[in-house]
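The values are calculated or read from the model by the stated rules, or taken from the named source; none is laboratory data. All figures in this text were calculated on a predicted structure; none of them were measured in a lab. Reconstructed Cβ throughout: ideal geometry from the backbone, glycine too, with neighbour counts over all protein chains shown. When the accessible area is computed, the model is the full protein with side chains, heavy atoms only, and any ligands, DNA or RNA have been set aside. Shrake-Rupley method; radii C 1.70, N 1.55, O 1.52, S 1.80 Å.
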Amino acid sequence: MVDYHAANNQASGGGPQTYMEQENDWDRDLLLDPAWEKQQRKTFTAWCNSHLRKAGTQIENIEEDFRDGLKLMLLLEVISGERLPKPERGKMRVHKINNVNKALDFIASKGVKLVSIGAEEIVDGNAKMTLGMIWTIILRFAIQDISVEETSAKEGLLLWCQRKTAPYKNVNVQNFHISWKDGLAFNALIHRHRPDLIDYDSLRKDDPVTNLNNAFEVAEKHLDIPKMLDAEDIVNTARPDEKAIMTYVSSFYHAFSGAQKAETAANRICKVLAVNQENEQMMEDYEKLASDLLEWIRRTIPWLQNRTQEKTVNDMQAKQEDFRDYRCVHKPPKVQEKCQLEISFNTLQTKLRLSNRPAFMPSEGRMVSNINGAWHTLEGAEKGYEEWILSEIRRLERLEHLAEKFHQKAAIHEAWTDGKEAMLTQKEPDTTTLSEIKALLRKHEAFESDLAAHQDRVEQIAAIAQELNELDYYDSANVNARCQKICDQWNVLGALTQSRKESLKNKEKQLESIDELYLEYAKRAAPFNNWMESAMEDLQDMFIVHNIEEIQGLIAAHEQFKATLTEANEERKAIQAIQANVPKIAQSNNITLTGSNPYTTITSENIDEKWAKVFELVPRRDTALQDELNKQNSNDELRAKFASQANKVGAYIKAKMEEIGRISIEMNGTLEDQLTNLKDYQDSIVSYTPEINTLEGYHQLIQEALVFDNKYTPYTMEHLRVSWEQLLTTIARTINEVENQILTRDAKGISQEQLYEYRTSFNHFDKDHSGALMAEEFKACLISLGYDVENDKQGDAEFGRIMSIVDPNGTGAVTFQAFIDFMSRETTDTDTADQVIASFKILAGDKNFITAEELRRELPPDQAEYCIARMAPYTGPDAVAGALDYMSFSTALYGESDL
């Protein structure tokens, strides 16, 4: 007998040691236990046939059917996928030996040492040698490549079995013999990979035959693993044959390893698709939120641009209340939506960058810049609308004051002119005496003086009417009509006065007697009477003021008026003394008085009544002015309250804006610590909201009091609202930046130390604390991290490449987020289009296309339909009906950047 092992070892010059020298005792084992030989015959025969049937043949007797070497060479070709030398077809012993030697040479070429196995023993039908040879082939082609965690083939297969069966009760795989006797381990292996085929919980440990037969039948029927063992042989053998069990178990490993690859490929695809689906949902959410926000802005701006004038202050104050409701109730949620929109956009872009997807480009008109532009237009419309409301309130307040003043003066004038036309047109009887004529003339002169005195009032009435017209008073038509009537009447009175004067003058030439005393009384009583009427009018005159200085000016003027009352009273006494002298003189001269003073209708009683009326109006005027002073003092207190709160809020917001600027640069600790601290900081800022609400309350009181200026503070409510919204938005953006850094870190596997190093380097070169690095600053930062971007041709090219990544829009500035994204991309690995294509290729069975049926079989339903809906038909030369192009689909998932 030829020692083929020795010959092979000599020919190969002492090649590598056998990879399973512990198996060299196979022949001794066979001699010790014939039951093992029986198990090996059945198992090895079934194993060989599982491969030979692929070539359309099989063996019946393992030691007889391999004797001529033909089926042995065919078996090796099937399991290796290689061609062996052409076999010899002769029937002679030498031909058979030569064929077997070709097979043994092929086995030896694979690095296998054949111990004590020669071609003669195989040709002679030596069962033990034949079984040993087949076991060597099984070891080399079915078990050798099994390795788990760098273990040997046998240990690797055992470790694989242990891991797969670990979760199952009553299963404890420690070897390849007695651990498999009860059949539960076989059933556990099948259930772990195909739970639909085995009802594991129904199996009993005390019924091994049923368990074994169940596993063997399921494996043969559903997994295409031929039955290689008999349940009774295993159960009735104290220690089943290890080689038989290993051979059979290796068939399970190979049957499931393909499924494992498909599962791994499917998992990779599912992970990629899940990322894509989540990103698409975020895109849809962004688009909807952007559309809703833009639509709200589109609807709101025309309302803010509406300048339809109202007729009264109350109507305009109702508009002001609607605007206040808009600012305090309707707009704040939209401010939050706008902030959330920016945060969602930044988060989405971060996730896209982390998954090597192209950047998200919202549909036309829905970019963040579009939202900001529309928002800027909205705030401009708000500012203009509020200014218009205040201007209109002032205008209407002025109009209502002027209108009331017009009607008051018109009423006084109309009361004065009542009956004057009749008086001027009456005819004197022919029996009128000279003294009566002179009296009438003097009376007429006094009336002329009175008429001239009223000229100023008529001019005031006309001036007020003109101002009402210029201010577009809604009832200007009635005002104009009344004013015109007064002016027309005034012209008539002027003409009648002139006519009457001429008539009396003609008669005066015939009359000479003058009653000097009556005349003097009339001359002095008339202006004094006019003074009193003017004083009464002034005391009843309406006024409007907007601050303490103005009311103090009116009070001072009133005090000056009161200071003249003593002198006026002396004049009144003098006039009354003249009147009192009339009856004395008449009595002393035996003159009988036939009536009242012929030169004036102003009696002493009239003067006393009007004087009493003046004294009655003075304290009323005092009270009105004092009330207004109190009101202006109250308004000043409102100004002071608002100013105090506004100055406090303004200083707070300014301090917090500066503080958050420092915090965003100087943050220490883990990102989670930073996020917690920032959210606590955000909560502390939000807790300041009651102070803002208090300020809003003061602002509302000020507006309701029609206070339009405030010398105690440089802040306006509008300025503080915008600053407060900016503060809340800034802290929200800072929190979002840290959240995105956490996303980057977790997705890319960046350590906390790396992030700290990146942040420290970035901050070191961010000299102006702007949160961004200019090109030269960024270059210095890269050099500090070991990048070769010095100023030479190669360095400039590398720096240009990096800048195109971190600053694709060419702004010249690099944000920290862009810097982190770049560093994470440089230092970590992610799924690529090529990896996804390779995964689809596994699911497609190495075809260049995949079918809808295969996708539905390998992927979850929603993700299978997701792919089917988006994959284009495959048009290659090997295309079949329903073929889909998974290559272009995979590439499209990553965009141009991964091509």
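Taken over segment 236-254, the residue count meeting the criterion of being hydrophobic (A, V, I, L, M, F, W, C), over 22 Å from VAL218 (Cβ atoms) and outside any loop (DSSP other than H, G, I, E, B) is 0. For GLU310, are the conditions met, namely being open to solvent by 30 Å² or more (accessible area, probe 1.4 Å), not aromatic (Phe, Trp, Tyr) and not in a helix (DSSP H, G or I)? When the stated conditions are applied, GLU310 passes them. The set of residues from segment 299-314 being of a type in the set (D, E, K, R) and in contact (Cβ under 8 Å) with a residue 24 or more places away in the chain comprises ARG307, GLU310, LYS311. Here is the figure for segment 280-293: residues that are surrounded by fewer than 17 Cβ atoms within 10 Å (Cβ to Cβ) and in contact (Cβ under 8 Å) with a residue 40 or more places away in the chain total 4.
Residue check: GLU284 meets all listed conditions (1) closer than 20 Å to ILE134 by Cβ; (2) part of a helix (DSSP H, G or I); (3) within 60 Å of the chain's Cα centre (by Cα) but one, namely (1).
When residues of segment 793-809 are filtered for being open to solvent by less than 60 Å² (accessible area, probe 1.4 Å) and not hydrophobic (A, V, I, L, M, F, W, C), how many remain? Selection size over segment 793-809: 4.
In a residue-by-residue description of segment 708-718, the property of being among the aliphatic types (A, V, I, L, M), without any contact (Cβ under 8 Å) to a residue 24 or more places away in the chain, out of contact with any strand residue (DSSP E or B) (no Cβ under 7 Å at 6 or more places or on another chain) and part of a helix (DSSP H, G or I) applies to no position.
Residue pairs whose Cβ atoms lie under 7 Å apart, sitting 6 or more positions apart in sequence or on different chains, and linking a residue in segment 844-873 that is more than 24 Å from GLU278 (Cβ to Cβ) and without any contact (Cβ under 8 Å) to a residue 60 or more places away in the chain to a partner that is of a type in the set (A, V, I, L, M, F, W, C) and not in a strand (DSSP E or B), are PHE849/ALA879; GLU854/LEU843; GLU854/ALA844. Scanning segment 40-63 for residues that are under 14 Å from MET228 (Cα atoms) and of a type in the set (Gly, Ala, Ser) yields ALA46, SER50.
Number of residues in segment 345-381 that are farther than 11 Å from ASN279 by Cα and among the hydroxyl-bearing types (Ser, Thr, Tyr): the value is 3.
Put simply, of ASP233, ASP224, ASP201 the only residue that is assigned to a helix (DSSP H, G or I) and either of a type outside the set (Asp, Glu) or under 30 Å from ILE122 (Cα atoms) (or both) is ASP233. Out of ARG67, ARG41, one residue alone is of a type in the set (Lys, Arg), modelled with pLDDT under 90 and open to solvent by 40 Å² or more (accessible area, probe 1.4 Å). It is ARG41. Is there a residue being of a type outside the set (Val, Ile, Thr) and in contact with a Cys (Cβ under 8 Å, 6 or more places away or on another chain) anywhere in segment 697-715? Within segment 697-715, not a single residue is of a type outside the set (Val, Ile, Thr) and in contact with a Cys (Cβ under 8 Å, 6 or more places away or on another chain). Filtering segment 677-710 to residues that are surrounded by fewer than 15 Cβ atoms within 10 Å (Cβ to Cβ) and either touching a Ser or Thr at 6+ places or on another chain (Cβ under 9 Å) or on the phi > 0 side of the Ramachandran plot (or both) leaves only ALA705.
Only residues that are within 18 Å of GLN320 (Cβ to Cβ) and surrounded by fewer than 18 Cβ atoms within 10 Å (Cβ to Cβ) were counted in segment 389-408, giving 7. A single entry from ALA415, ALA465, ALA411, ALA452 fulfils the requirement of being modelled with pLDDT of 80 or more, buried (at least 19 other Cβ atoms within 10 Å of the Cβ), of a type in the set (A, V, I, L, M) and in the same structural domain as LYS485 (by the TED database): ALA465. Filtering segment 607-614 for residues that are over 26 Å from ALA453 (Cβ atoms), open to solvent by 30 Å² or more (accessible area, probe 1.4 Å) and not basic (Lys, Arg) leaves an empty set. Considering segment 822-847, the residues that are of a type in the set (Gly, Ala, Ser) and more than 13 Å from PHE889 (Cβ to Cβ) include one that is modelled with the highest pLDDT, namely ALA838. Scanning segment 128-154 for residues that are at pLDDT 85 or above and open to solvent by 20 Å² or more (accessible area, probe 1.4 Å) yields LYS128, MET129, THR136.
Of the residues that make up segment 774-782, is at least one open to solvent by 20 Å² or more (accessible area, probe 1.4 Å), closer than 23 Å to ILE663 by Cβ and modelled with pLDDT of 70 or more? Checked segment 774-782: at least one residue is open to solvent by 20 Å² or more (accessible area, probe 1.4 Å), closer than 23 Å to ILE663 by Cβ and modelled with pLDDT of 70 or more. The set of residues from segment 44-64 being in a loop (DSSP other than H, G, I, E, B), open to solvent by less than 10 Å² (accessible area, probe 1.4 Å) and in contact (Cβ under 8 Å) with a residue 40 or more places away in the chain comprises just one member, ILE62.
Yes/no per residue for (1) β-branched (Val, Ile, Thr); (2) open to solvent by less than 10 Å² (accessible area, probe 1.4 Å); (3) at pLDDT below 85:
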position: GLN752; (1), (2), (3): no, no, yes
position: THR760; (1), (2), (3): yes, no, yes
position: HIS769; (1), (2), (3): no, no, yes
position: VAL814; (1), (2), (3): yes, yes, no
